[in-house]
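Taking it in order: structure first as structure tokens, then the write-up.
The values are calculated or read from the model by the stated rules, or taken from the named source; none is laboratory data. Computed from a predicted model, the values in this text were never measured in an experiment. Methodologically, a virtual Cβ is constructed for each residue, glycine included, from the backbone with ideal geometry; neighbour enumeration extends over all protein chains shown. Side chains included, ligands, DNA and RNA excluded: accessible areas come from the protein's heavy atoms. Shrake-Rupley method; radii C 1.70, N 1.55, O 1.52, S 1.80 Å.
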Amino acid sequence: MESKPVTVIHRASIVNEGRAFTGYVAVEGEFITAVGEGEAPAELIAGADSVVDAAGRLLLPGIIDTHVHFRDPGLTHKADMATESLAAVAGGVTSFIDMPNTRPATVSTEAVEAKMRRASEVSLANYGFFIGATADNIDALAAADYSRIAGVKLFLGSSTGGMLLTEQEYLEKLFSTVPALIAVHAEDEAILRANRDAVVARYGENLTMDFHPVIRNHRACFEASKRVVDLARRHNHRLHLLHVSTADELSLLHPGTPEDKLVTAETCPQYLAFSDEQYAMLGTRIKCNPAIKRPADRDALRDAVNTGLIDTIATDHAPHLPEEKSGTALTAASGMPLIQFSLTLMLQMAEEGFFTVPLLVEKMAHNPAIIYGIDRRGFIRPGYYADLTLVNNDCEPYTITDQWVLSRCGWTPLDGLTVSNKVDMTWVNGRLAYRFGVGFSDVRGLPLSFGHKNQ
Ligand code: DOR
Ligand code: ZN
């Protein structure tokens, strides 16, 4: 039998399952074979094909970004699975789950399968896909095989791509028949429209960014979130609230571990790092839906990550070209690329005292794996896939600029931010996919396999 390459990463500061310890990880082929504290056994080192001395570095389970828009197919002028998966591994992200607002929209199992084929051809990272809910496909959603689909994505408020399902009758049917987790973009479409009309009637169409959170306001978020939480409770159905952006919505959530929850929640780095105070400086670069709101919301979200009201941090990586981002609060495209620097940004916030590193690992690797029931990923454990991220968490400070961006769009909302951590290496299924600034474009991720469902 052909022997598989063995890699030993030793003297690392391993952050996993709530603790940090100095130790080693052995990898054989695609899988982790040993995890230990202290010095690696000499025979393990002697038998390895490659040995990485990780002294002074953090070794984390690969980040699982469960909310990305890679634009493939149909919007590949903005991004595609090859470019964005390269940006992902450069940011320590080893698996992603992609949203259905592509062209065509991913609203059939055939469309999901087509994306899986495309990803198998070009993606450096492991991949999974949502299927979108529409008024026409609920019967098909009820019959789909959710071992290969991450869950159902429901837009209650329209955003890029215009997917929308708001009629109560369809929502009841969705929550009563679909045997899968439902992930929701919760903004109330009627409130958004009324706000927009009122603002335009009073101030005209040439609106600065300050108006974005006036149109996409707290009430739109709260009412929509309340509506789906109510549906989830009445139908005893698993719900994951996406990109929570307000303090108000936190009153709908409970602390605890995701295994025990009917309703789990995600927020994103942009809601934790920014507030409406940054609109004057960053303008439409930080225009996204839901809108970034007030400092009080940002602070409450930071607390909620710490107290367990919020379960996951995902990016909502939503690249658009710079020219598409120009315009007013009404016309500029919504969304920003973040996948390459999300871990770095969150580690920087940990450095500043907002979070601990084990907590970030929980929110960005463990809990995503638990919530989506991802098979053998998200933890550093023997028998699990060797998806690993090695980080220099104490490097010479450097400034992130647009030039660094590997995403096709070529810009980042973090341009100008000085940080003191850097992803050194990323392994995907035991293969080095990124090392010291270089991505290995021949590496291919695997399809994610999903277990936990609403059964
Ligand atoms: O800001 C956003 N951009 N919010 C969304 O819901 C969609 C995303 C996109 O696809 O551009
Ligand atoms: Zn999104």
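Residues in the range 11-42 near a label at R435, defined as backbone nitrogen under 15 Å from the 7 Å Cα→Cβ point?
27
Regarding the range 293-426, what whole-number volume in Å³ per residue does the convex hull of its Cα atoms give?
Value for the range 293-426: 143 Å³ per residue.
Please determine, in degrees from 0 to 90 and to the nearest 10, the orientation of helix 168-177 with respect to the longest principal axis defined by the Cα atoms of the chain, where the helix direction is its Cα long axis.
Orientation of helix 168-177: about 30 degrees from the principal axis.
Using a probe of 1.4 angstrom, how much of the accessible area of the chain is carbon and sulfur, in percent?
Values: 8310 of 16580 Å².
The value for the chain is 50 percent carbon and sulfur by accessible area.
Quick one: dipole size for the chain, taken about the Cα centre, charges +1 on Lys/Arg Cβ and -1 on Asp/Glu Cβ, in debye to the nearest 20. Each step should come with its number before you reach the end.
Details: 41 positive and 56 negative charges, 96 e Å.
Here the size comes out at about 460 debye.
Angle check, please: helix 295-307 long axis (alpha carbons) against the longest principal axis of the chain (alpha carbons), in degrees 0 to 90, nearest 10.
Helix 295-307 sits roughly 40 degrees off the main axis of the chain.
Amide H to amide H, which residues 5 or more places from A12 or on other chains are under 5 Å from it, using H placed in the peptide plane?
Under 5 Å from the amide H of A12 lie the amide H atoms of G23, A54, each far enough along the sequence or on another chain.
Indicate the gyration tensor shape class of the range 1-155 (rounded, prolate or oblate), computed on the Cα atoms with a ≥ b ≥ c the square roots of the eigenvalues: a/c under 1.5 is rounded; otherwise a/b larger than b/c is prolate and the rest oblate.
Note, shape of the range 1-155 comes out prolate.
Can you tell which of L253, V214, M281 lies farthest toward the positive end of the dipole of the range 212-301, using +1 and -1 charges on the Cβ of basic and acidic side chains (Lys, Arg; Asp, Glu)?
In the range 212-301, that residue is V214.
So between R376 and S251, what do we pick up on full extension, going 0.36 nm a residue minus the alpha carbon distance?
41.7 nm
Do me a favour and compute the ellipsoid semi-axes for the range 136-268 from its Cα gyration tensor, root of five times each eigenvalue, largest one first, whole Å.
28, 18, 12
Taking each pair of different alpha-carbon atoms in the chain once, compute 1/r for the pair, average those values, and report the inverse of that mean as the Kirkwood hydrodynamic radius in Å to one decimal.
After inverting the mean inverse Cα-Cα distance, the result is 22.0 Å.
For the range 312-431, with the dipole built from +1 on Lys and Arg beta-carbon atoms and -1 on Asp and Glu ones, taken about the Cα centre, which of I374, P413, M364 lies farthest toward the positive end?
I374
Mind ranking E351, E113, E396 by accessible surface for me, highest first, 1.4 Å probe? Let's see the in-between values first.
Numbers: E351 110, E113 60, E396 150 Å².
I get E396, E351, E113, largest accessible area first.
For A34, what residues show an amide H to amide H distance below 5 Å, using hydrogens built from the backbone and excluding near sequence neighbours?
Those qualifying (amide H under 5 Å, at least 5 residues apart or on another chain) are A26.
Keeping all protein chains in the complex and leaving out DNA, RNA and ligands, what accessible area do you get for D139 with a 1.4 Å probe, in Å² to the nearest 10?
Roughly 110 Å² of D139 is accessible to a 1.4 Å probe.
If you average the alpha carbon positions of the range 1-36 and of the range 153-170, how far apart do those two centres end up, in angstrom?
If you average the Cα positions of each part, the centres end up 43 Å apart.
What are the ³J(HN,Hα) values, in whole Hz, obtained from phi via the Karplus relation 6.51 cos²θ - 1.76 cosθ + 1.60 with θ = phi - 60°, for each residue of the range 132-142 in sequence order, with x given for Gly and Pro?
Values, residue by residue: x, 8, 9, 5, 9, 10, 5, 5, 5, 5, 5 Hz.
Given charges of +1 on the Cβ of Lys and Arg and -1 on the Cβ of Asp and Glu, with all other atoms neutral, how large is the dipole of the range 201-329 about its Cα centre, in debye to the nearest 20?
That gives a dipole near 300 debye.
Hey, can you rank 81-92, 243-254 by average C-beta count inside 10 Å, highest first? Provide the component values of the computation, followed by the final result.
Working: 81-92: 28.3, 243-254: 20.6.
Highest mean packing first, the order is 81-92, 243-254.
Using only helices, what value at 222 nm comes out for the chain when you add -39,500 (n - 2.57) per DSSP H run of length 4 or more and divide by the total residues, to the nearest 500 deg cm²/dmol?
Values: 15 runs with 129 residues, N = 455.
Value at 222 nm, helices only, nearest 500: -8000 deg cm²/dmol.
Can you give the FRET efficiency to the nearest 0.05 for A114 and A42, using r as the Cβ-Cβ distance and R₀ = 51 Å?
0.55
Size of the dipole of the range 124-235 about the Cα centre, Lys and Arg at +1 and Asp and Glu at -1 on the beta carbon, nothing else charged, in debye to 20?
My answer is approximately 300 debye.
Roughly what percent of Cα-Cα pairs across the range 289-338 reach past 18 Å?
Details: 575 of 1225 pairs.
Taking all Cα-Cα pairs of the range 289-338, the fraction more than 18 Å apart is 47 percent.
Return the FRET efficiency for the residue pair Q168, A280: r is the Cβ-Cβ distance, R0 is 41 Å, and the value is rounded to the nearest 0.05.
Working: r = 40 Å, r/R0 = 0.97.
Result of the calculation: an efficiency of 0.55.
Given Cα pairs under 8 Å that are at least 6 residues apart, what percent is the relative contact order of the chain? Let's see the in-between values first.
Values: 1124 pairs, mean separation 99.2, N = 455.
RCO, the chain: 22 percent.
Tell me the relative contact order for the range 305-455 as a rounded percent, counting alpha carbon contacts under 8 Å between residues six or more apart. If you can, show how the numbers build up before the last one.
Details: 222 pairs, mean separation 33.5, N = 151.
Reported relative contact order: 22 percent.
Starting at 0 and stepping by 10 Å, how many percent of the alpha carbon pairs of the range 198-304 end up in each bin?
Bins of 10 Å from zero give 14, 43, 29, 12, 2 percent of pairs.
Under a 1.4 Å probe, what is the accessible area of the chain per residue, stated in Å²?
Ligands and nucleic acids excluded, the result is 36 Å² per residue.
What whole-number value in cubic angstrom gives the convex hull volume per residue for the C-alpha atoms of the range 9-94?
Details: hull volume 10.3 nm³, N = 86.
Cα convex hull per residue, to the nearest whole number: 120 Å³.
Of the options H77, S108, I97, report the single residue whose Cα projects farthest towards the positive end of the charge dipole of the range 70-155 (beta-carbon charges: Lys, Arg +1; Asp, Glu -1).
H77
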